[in-house]
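J.: Let me begin by handing over the structure; questions about it come next.
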Amino acid sequence: MRTVITTENAPAPAAPLSQGIRKGPVLQVSGQLPLDPATGAVVGTTVAEQTAQTLRNVTSALKAAGACLEDVVMLRVYLTDPAHLPELNEAYAAAVGGPFPTRTTVYMRQPRPSVGSGARRMSSRASMWKACQGRRLRDQPILVAWS
């Protein structure tokens, strides 16, 4: 049996998907964007602002599933420009804190030009985070992943 994870504290999915699914000890949470959950508007114009909002949304999805950011052991971030990495790292370090989870950073083309671009701007669609988290809830190992 699978359980759908939902929260009003993270943006509603814009596509036919769930915010998260738990099946047995596995929890899968969909990618998060720097969107305001109430309005759906992109929050921030800088990589740092968008990173902070994305991590707030990740935290909300985790909380709805009974987990927290401190439980995360792996994150994946998508960026449209390698030049954004230093600003992302600074905002990430402030929001996540140590000891840090493992992380992979993937560089990709901006998939939705209407979101905006530029040397100091990160596409909101390109700020999706993936994370895997190993945690025991109810004496069951839990795996969390964002796609």
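J.: I'm trying to understand the selection: among the residues of the stretch 45-59, which are open to solvent by 20 Å² or more (accessible area, probe 1.4 Å) and either more than 14 Å from residue 87 (Cβ to Cβ) or modelled with pLDDT under 90 (or both)?
T.: Passing the criteria: 45, 56, 59.
J.: Next question, about the same structure. Can we say residue 92 is in contact with a helix residue (DSSP H, G or I) (Cβ under 8 Å, 6 or more places away or on another chain), open to solvent by less than 70 Å² (accessible area, probe 1.4 Å), modelled with pLDDT of 70 or more and of a type in the set (Phe, Trp, Tyr)?
T.: yes
J.: Residue by residue through the stretch 1-30, note down the ones that are hydroxyl-bearing (Ser, Thr, Tyr) and under 13 Å from the mean Cα position of the chain (by Cα).
T.: 30
J.: Still on this structure, please answer the following. Might you check whether a residue that is within 15 Å of residue 103 (Cβ to Cβ) and not hydrophobic (A, V, I, L, M, F, W, C) occurs anywhere in the stretch 49-58?
T.: Yes, the stretch 49-58 contains at least one residue that is within 15 Å of residue 103 (Cβ to Cβ) and not hydrophobic (A, V, I, L, M, F, W, C).
Conditions (1) of a type in the set (Val, Ile, Thr); (2) in contact with a strand residue (DSSP E or B) (Cβ under 8 Å, 6 or more places away or on another chain); (3) buried (at least 18 other Cβ atoms within 10 Å of the Cβ); (4) within 15 Å of residue 51 (Cβ to Cβ), marked per residue:
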| residue | (1), (2), (3), (4) |
| --- | --- |
| 62 | no, yes, yes, no |
| 68 | no, no, no, no |
| 75 | no, yes, yes, yes |
| 79 | no, yes, yes, yes |
| 97 | no, no, no, yes |
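J.: Can you name every residue in the stretch 16-35 that is part of a loop (DSSP other than H, G, I, E, B) and either under 19 Å from residue 72 (Cα atoms) or open to solvent by less than 50 Å² (accessible area, probe 1.4 Å) (or both)?
T.: Across the stretch 16-35, the qualifying residues are 18, 19, 24, 25, 30, 31, 32, 33, 34.
J.: Moving on to the next point. Contact list please: Cβ distance under 6 Å, first residue in the stretch 50-62 and in contact (Cβ under 8 Å) with a residue 12 or more places away in the chain and aromatic (Phe, Trp, Tyr), second residue in a helix (DSSP H, G or I) and buried (at least 24 other Cβ atoms within 10 Å of the Cβ), pairs at least six apart or on different chains.
T.: none
J.: Follow-up question, since we're still on this one. Please verify whether residue 104 is in contact with a Lys or Arg (Cβ under 6 Å, 6 or more places away or on another chain) and at pLDDT 80 or above, treating the condition exactly as stated.
T.: Spelling it out, residue 104 is indeed in contact with a Lys or Arg (Cβ under 6 Å, 6 or more places away or on another chain) and at pLDDT 80 or above.
The values are calculated or read from the model by the stated rules, or taken from the named source; none is laboratory data. This is a predicted model, so every value here is computed, not measured. Here the Cβ is made from the backbone with ideal geometry for all residues, glycine too, and neighbour counts use every protein chain on show. Calculation scope for accessible area: heavy atoms of the full protein, side chains included, ligands and nucleic acids excluded. Shrake-Rupley method; radii C 1.70, N 1.55, O 1.52, S 1.80 Å.
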